[in-house]
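Readers should treat all values here as calculations from the given coordinates under stated rules, not as data from a laboratory. The structure displayed is predicted, hence computed values, not measured ones. Cβ atoms come from the backbone with ideal geometry, glycine included; neighbour counts cover every protein chain shown.
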Amino acid sequence: MAQSVPPGDIATQPGTKIVFNAPYDDKHTYHIKVTNSSARRIGWAFKTTNMKRLGVDPAAGVLDPKENALIAVSCDAFAYGQEDTNNDRVTIEWTNTPDGAAKQFRREWFQGDGMVRRKNL
């Protein structure tokens with residue numbers, strides 16, 4: 001069963017952080033490229049610590065080995081200096097999909113006993 005094997009690596013471009021520059025009275029969108037570097041199909045999902053300000057589209061999906069996806073991360077306008085942005089995080093989680101599963105994302109893959117890996121941006 002695929003769930004007993006730890007999920008392989010993914011690559012993200014950019015690799016470590018996303019920076020939204022001023023002006024903050026406009027919505028900004030940043031694109032992230034996610035590549036499945038492993039030999040197995042994975043299911044992935046983005047999470048954010050501030051759902052009001054940060055949006056991700058698409059928020060989840062499935063990638064075959066060596067396949068990649070382009071994800072749009074947007075930051076809505078906000079009052080700079082009046083809101084705490086220090087703890088804003090975007091996290092991608094991924095796990096192996098079960099053997100024979102359709103290439104359609106399922107939230108329950110992350111709720112079973114399979115290993116889930118995460119990367120903070």
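Overview of values
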{"item": "Extension gain, Asn86 back to Gln111 (0.36 nm per residue minus Cα-Cα distance, nm)", "result": "6.1 nm"}
{"item": "For the stretch 29-39, Karplus couplings with θ = phi - 60° (6.51, -1.76, 1.60), whole Hz, Gly/Pro x", "result": "10, 10, 9, 10, 9, 10, 10, 7, 7, 8, 9"}
{"item": "Cα→Cβ-extended label distance, 7 Å offset, between Ala59 and Arg118, nm", "result": "1.6"}
{"item": "For the stretch 104-121, Karplus couplings with θ = phi - 60° (6.51, -1.76, 1.60), whole Hz, Gly/Pro x", "result": "9, 4, 10, 4, 5, 4, 8, 9, x, 9, x, 6, 10, 9, 9, 9, 8, 10"}
{"item": "Hz values of 3J(HN,Hα) by residue in the stretch 56-73 - Karplus curve (6.51, -1.76, 1.60), Gly and Pro given as x", "result": "10, 9, x, 7, 7, x, 10, 10, 6, x, 6, 7, 9, 9, 9, 10, 9, 10"}
{"item": "Length gained when the stretch Gln104-Lys17 is fully extended (0.36 nm per residue, less Cα-Cα span)", "result": "28.5 nm"}
{"item": "FRET E, pair Tyr30, Glu67, Förster distance 22 Å, beta-carbon r, rounded to 0.05", "result": "0.55"}
